[in-house]
Amino acid sequence: MSYPEPTLFIGGRWRKTARGGPVVNPADGSVLATVPHAERTDLDEALAAAEKGFRVWRATDPDERERILVRAAANLMDRREEIAAGLVLDQGKTIREARNEVRVAHDRILWDAGEARRLYGRIVPAGPGMRKMVTRHPLGVVAAFSPWNYPLASPTRKVAGALAAGCSIILKAAEETPSGAVALVRAFQEAGVPDGVVNLVFGKPADISAHLIAQPAVRLVTFTGSVPVGKHLAALCGQHMKPAIMELGGSSPVIVWDDADADAAGALSARGKTRNAGQVCVAPTRFFVHASVHDRFLDSFAAATAALKVGTGPDPALEMGPLANQRRLAAMQALTADALQRGARLVCGGERLGDQGFLFAPTILADVPADARAMVEEPFGPLALVSRVESLDEAIAGANALEFGLAAYAFTDRAGVAARLADEIESGSLAINHYNSTYPDMPFGGVKDSGYGREGGAEGLDGYTFLKSVMQQTS
Ligand code: NAD
């Protein structure tokens, strides 16, 4: 498999720069390519291009905007195999997951393309001689920062949302996994998006965000990543009065209730936990299982986890790949050691696999003390923590105990239990009897430290637009 050369895209042109950093293959630690780093002059050119692009794009008929988005989505699917191969190489996910990520990106663009046609305002009833209207307008240039775990699907939300709303965008994508963002931008370029509407940069994240957020031309900041970086960027946005969409981390609770099919929930949890090697902001992590089904659930979860086919490369039979970088491997080792040292029980996994690359065995820990680091921090890896609970109050208290509030899951068919969880769990989403918490047509985002703003759903373009109240006296 060959790896595409990462480049910047500014004002409708691809460009390299003198400086850059390595892109590492998590399968074996080898260097795949050099990702170019933007200099200050590149950023200023991107800003100028995006301002120009915005003037053209906001005046483009919504029909035409929709057509371009639809073409970009089709372009991604046309190159699905090539793009998926790039994601396997730089991010480490399995080929099945990579192909699925291309499909997800396609579906997200199509959803936003449709929403481009539905940016309605409203007429407010008014007395004679007065007309009152609320109209919706694109904010302007968006500065977007996307992470390394979903190198294609995550920036897709930002680029498609911005463009559907009529904004232009400067995307700073993840330096460690550039191929997905490059493929995305190429899909839009080839779909006919005017020059300057989409720009792509890589570089030193802190320098780029500090520079872009301070610029008057930037009217919105959108970030997906960790809570500490999100808080830092939100503070910068506050200084410069910039609105922001913050999609941050989570440590999602799973409540398995006494009526659940414990065998089926256990088997499903093995897949849910190890998706993208657990490097998912909505990954199920803290399992609160009713005492009456606890042992059966744990046995099934452990058996299905131990049976997963884990490895590296494009083998279509693989069910979990390596962690994306050395930091995640070190974090898994440290979190597991800390929990065991505090008295947790190792059910399966718990160690690095092989001595090349960043493979870590899918790991289940039981009876983990509440003060273990893994119970408090976001593991962002294939680490599951299973606790026995006796009452729903106890399960809900455990679920809500952290400052995270992104996703939550439950396994139950009891209407009363489901209703209480829907009312009382502090999270942006709740999936019952399955592990999918993101759909293009549902708003996605968090509460508490997991951030604010929504991507996707009927609300997905709200953040990219502002409302204007027009009150016209006619006589
Ligand atoms: P990190 O906190 O150093 O970085 C997180 C992301 O923010 C990276 O993509 C990084 O390039 C970017 N970033 C860092 N500093 C920045 C700055 N000043 N301006 C703009 N962008 C900046 O951690 P990491 O080791 O890369 O990732 C691990 C942690 O990040 C995980 O524990 C997880 O909590 C979080 N994460 C969350 C998501 C998500 O989908 N919410 C995705 C990836 C990572």
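Residue by residue through region 106-151, note down the ones that are within 16 Å of the ligand (Cβ to nearest atom) and not aliphatic (A, V, I, L, M).
Across region 106-151, the qualifying residues are Arg108, Phe145, Ser146, Pro147, Trp148, Asn149, Tyr150, Pro151.
Filter region 21-42 for residues that are surrounded by fewer than 17 Cβ atoms within 10 Å (Cβ to Cβ) and either in contact with a Lys or Arg (Cβ under 7 Å, 6 or more places away or on another chain) or basic (Lys, Arg) (or both) and give the result.
Arg40
Suppose we keep only residues that are surrounded by fewer than 23 Cβ atoms within 10 Å (Cβ to Cβ) and among the polar types (S, T, N, Q) within region 290-311. Which one would you say is nearest to Ser251 (Cα to Cα)?
Top of the filtered list is Ser300.
Just the residues that are within 16 Å of the ligand (Cβ to nearest atom), among the β-branched types (Val, Ile, Thr) and assigned to a loop (DSSP other than H, G, I, E, B), please, taken from region 152-195.
Thr177
Do we find a residue being touching a His at 6+ places or on another chain (Cβ under 6 Å) and modelled with pLDDT of 95 or more anywhere in region 21-42?
For region 21-42, residues touching a His at 6+ places or on another chain (Cβ under 6 Å) and modelled with pLDDT of 95 or more: absent.
Within region 352-368, can you find the residues that are within 16 Å of Leu318 (Cα to Cα) and part of a strand (DSSP E or B)?
Result: Phe360, single match.
Of (1) touching a residue at least 40 places away in the same chain (Cβ under 8 Å); (2) under 24 Å from the mean Cα position of the chain (by Cα); (3) more than 25 Å from Pro440 (Cβ to Cβ), Ala73 satisfies all except one. Which?
It is condition (3) that Ala73 fails.
Restricted to region 345-361, and to residues that are in contact (Cβ under 8 Å) with a residue 40 or more places away in the chain and either among the aliphatic types (A, V, I, L, M) or out of contact with any strand residue (DSSP E or B) (no Cβ under 6 Å at 6 or more places or on another chain) (or both), which residue is surrounded by the most Cβ atoms within 10 Å (Cβ to Cβ)?
Once the filter is applied, the top-ranked residue is Phe358.
Name the single residue that is nearest to the ligand (Cβ to nearest atom) among those in region 271-289 being in a strand (DSSP E or B) and either surrounded by fewer than 24 Cβ atoms within 10 Å (Cβ to Cβ) or over 16 Å from the mean Cα position of the chain (by Cα) (or both).
Thr285
Going by the structure shown, is Ala317 more than 14 Å from the ligand (Cβ to nearest atom), among the small types (Gly, Ala, Ser), surrounded by fewer than 20 Cβ atoms within 10 Å (Cβ to Cβ) and closer than 23 Å to Ser450 by Cα?
The answer is no for Ala317.
Checking the conditions here, which among Asp423, Asp449 is part of a helix (DSSP H, G or I), of a type in the set (Asp, Glu) and touching a residue at least 12 places away in the same chain (Cβ under 8 Å)?
Answer to the check: Asp449.
Contact list please: Cβ distance under 6 Å, first residue in region 200-224 and on the phi < 0 side of the Ramachandran plot, second residue aromatic (Phe, Trp, Tyr) and near the ligand (Cβ under 10 Å from one of its atoms), pairs at least six apart or on different chains.
From residues that are on the phi < 0 side of the Ramachandran plot, the pairs are Phe223/Phe145.
Test Ala410 against the stated conditions and say whether it is out of contact with any strand residue (DSSP E or B) (no Cβ under 7 Å at 6 or more places or on another chain) and either of a type in the set (Lys, Arg) or at pLDDT 95 or above (or both).
When the stated conditions are applied, Ala410 does not pass them.
Hey, among the residues in region 209-233 that are over 30 Å from Arg79 (Cα atoms) and in contact with a Lys or Arg (Cβ under 8 Å, 6 or more places away or on another chain), which one's farthest from the ligand (Cβ to nearest atom)?
Ranking the candidates gives Arg219 first.
Checking Val227 against (1) of a type outside the set (Lys, Arg); (2) closer than 17 Å to Leu69 by Cβ; (3) touching a Gly at 6+ places or on another chain (Cβ under 6 Å): exactly one of these is not met. Which one?
(2)
Given Glu45, Glu64, which one is over 20 Å from the mean Cα position of the chain (by Cα), surrounded by fewer than 20 Cβ atoms within 10 Å (Cβ to Cβ) and part of a helix (DSSP H, G or I)?
After ruling out the rest, the residue left standing is Glu64.
The values are calculated or read from the model by the stated rules, or taken from the named source; none is laboratory data. Treat the numbers as computed from the prediction; the structure is a model and nothing was measured. Cβ: placed from backbone, ideal geometry, glycine included. Neighbour counts: every protein chain shown.
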